[in-house]
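Just so it is clear, none of the values below were taken in a lab; they were calculated from the coordinates. Predicted model, so just to flag it, every value in this text is computed and none were measured. Ideal geometry is used to build each Cβ from the backbone, glycine not excepted, and the neighbour counts take in all protein chains shown.
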Amino acid sequence: MRQITESNRNNLAEAVELYSGASKAVALTGAGISVESGIDDFRSPGGLWERFAPEEYATIKVFQAKPEKAWKLYREMGKSLLGKKPNPAHGVLAKLESQKLLHGVITQNIDNLHQLAGSKNVVEIHGNHGDLQCIYCGHLQSLKEHVSYKKNMALCPICKREMKPNVVLFGENVRGLDEISTLLYGCDLLLVVGTSAQVYPAAYFPEQVKQFGGKIFEFNTEKTGLSSCSVTGKSVTDFFFHGRCGKLLPLFYEALMSS
Ligand code: BV8
C-alpha cells in the first residue's frame, strides 16, 4: 500500500496516472466526508455512538418496541444536520462526475450534502434524513411537513402509528442494491472516503471491487480494516491518502487536472 499525505506527495503522480487510466471510477463515502462540514461521525471519539449506543437506540427492534427511544437519536441527528453545507471533498466528487471522471457516489450518509454539492448519481444505501417513513403502511412524506418534529414523535397521517426518519436502522434492509450493483459492475477504481468500513453490506464493496481486479484509493484520517488487516498483514487499499479528505481530495483533484 502506498501512502500520500499533505506533506509527502511521493506517490501522488502514480495515483494520478492510475486514475487517469481507469475506465469506471466510483466513490463510496461515509460519515467522515461530512466531518469538515461540522457533522460528527459515529465511531470516532466523541462521535454519536458514544452518546447513543447503537444496540440501544439504532435498531429496528428498538424502534418497534420503544419508538420514543429511537426518536431521541433522530432528534439529536436532525439538530446536527441543520444548516450544514457541503465542503471541498463533496465538491471534488461532484466536479469529477460532471467531468465524466466519476460514475457515481454510493453514500452511507443521510445528510444530502452530496446532492447539495451537485452530485447527480448518488445512491443512499442508508436512506435520507429529510423524509419520514411509516414502516407499517409504507407512507413517505417530507420531514419538513412535520412541524412538531422537535417535540413529538411524528405520527403517520394514514395509519396513525409512529413514523421514523427514512434512515436505515440496524436489522433493516439497506436501500438501492440494484443501482449499486450496476455502479460496481465493471468498476475498476473505488474512492473510499471517510468510512470506518465496519457496517455491512457497504463495508464489503471495496473487497468486491478488489476481487475483480479494481484499485482502491482510501481517504481517511485513520487507518481502517481496509488499510491494515491485522490477520493477514495485507491491505485491500492500494493508495492511502492519510489526512482530512477536505484537504486531500482537492490536492488529488488538482494533480489530476494538471496531469
Ligand atoms: C442489513 C442508523 C440485511 C442510524 C446506521 C456481519 C456481516 C454482515 C452484516 C452484518 C454482520 N453482522 C451484523 C450485520 C448487519 C449489520 C452490520 O453491519 N453490523 C455491523 C456493525 C457488524 N448491518 C445491517 O443491519 C444493515 N442491514 O445488513 O440488512 C441485508 C443485507 C443485504 C441486503 C439486504 C438486506 C443496516 C445497516 C444500517 C446502519 N445504520 N445507523 C442513523 O444513521 O441514523 S450505522 C452508521 O454507520 C451510519 O448509518 C453510517 O452510515 C454507518 C457507517 O459508518 P461510517 O459512515 O463509516 O462512519 P464512522 O463513524 O464509523 O467512520 C467515520 C470514518 O471517517 C472514520 O474512519 C474516521 O477516521 C474518518 N474520518 C473522520 N473525519 C475525517 C475522516 N476521514 C477523512 N477526512 C476526515 N475529515
> What FRET efficiency do you get for Lys66 and Phe212 if R0 is 45 Å and r is their Cβ-Cβ distance, rounded to the nearest 0.05?
Replying inline: 0.60
> Given H placed 1.01 Å from N in the peptide plane, which residues other than close sequence neighbours of Leu28 have an amide H under 5 Å from its amide H?
Replying inline: Ile106, Leu191, Val192, Val193
> If you place +1 on the Cβ of every Lys and Arg and -1 on the Cβ of every Asp and Glu, how big does the dipole about the Cα centre of the chain come out, in debye to the nearest 20?
Replying inline: 620
> What nm distance separates the two modelled labels at Ser44 and Asn8, each placed 7 Å from Cα along Cα→Cβ?
Replying inline: 2.1
> Which of the aspartates and glutamates could a cross-linker bridge to Lys69, judged by Cα under 16 Å and excluding same-chain residues fewer than eight apart?
Replying inline: Glu50, Glu55, Glu56, Glu162
> Where does region 161-259 land on Rg/Rh, using Cα atoms and the Kirkwood Rh?
Replying inline: 1.03
>> Taking R0 as 45 Å, what FRET efficiency do you get between Asp188 and Lys84 from their Cβ-Cβ distance, rounded to the nearest 0.05?
In response: 0.85
>> Under the rule a/c < 1.5 gives rounded, and otherwise a/b versus b/c splits prolate from oblate, where does region 3-48 land using the Cα gyration tensor?
In response: oblate
> What is the local net charge at Pro45, summed over the other residues whose Cβ is closer than 13 Å to its Cβ (Lys, Arg +1; Asp, Glu -1)?
Replying inline: -2
> Taking neighbour Cβ counts within 10 Å as the exposure measure, how do Cys245, Cys187 sort from fewest upward?
Replying inline: Cys187, Cys245
> For the pair Gln198 and Lys144, how long in nm is the line joining their label points, each one 7 Å along Cα→Cβ?
Replying inline: 3.5
> Counting only DSSP beta bridges with both residues in the chain, what percent are antiparallel, rounded to the nearest 5?
Replying inline: 25
>> Using Cβ counts within 10 Å as a stand-in for footprinting exposure, how do Trp71, Trp49 rank, fewest first?
In response: Trp49, Trp71
>> Full-extension gain between Asn121 and Glu56, please, as 0.36 nm times their residue separation minus the C-alpha to C-alpha distance.
In response: 20.1 nm
>> Beyond a 26 Å Cα-Cα separation, which of these cross-linked pairs lie in this structure: Lys85/Lys215; Lys72/Lys144; Lys95/Lys164; Lys79/Lys215; Lys79/Lys164?
In response: Lys85/Lys215; Lys95/Lys164; Lys79/Lys215
> What ³J(HN,Hα) values, in whole Hz, does the Karplus curve 6.51 cos²θ - 1.76 cosθ + 1.60 give for region 100-112 when θ = phi - 60°, with x put for Gly and Pro?
Replying inline: 6, 9, 8, 7, x, 10, 9, 10, 8, 7, 10, 9, 6
>> Taking a virtual spin label 7 Å from the Cα of Leu177 along the C-beta vector, which residues in region 193-223 bring their backbone nitrogen under 12 Å of it?
In response: 201-202
>> How would the chain be classified by its alpha-carbon gyration tensor: rounded, prolate or oblate, with rounded meaning a/c under 1.5 and the a/b versus b/c comparison settling the rest?
In response: prolate
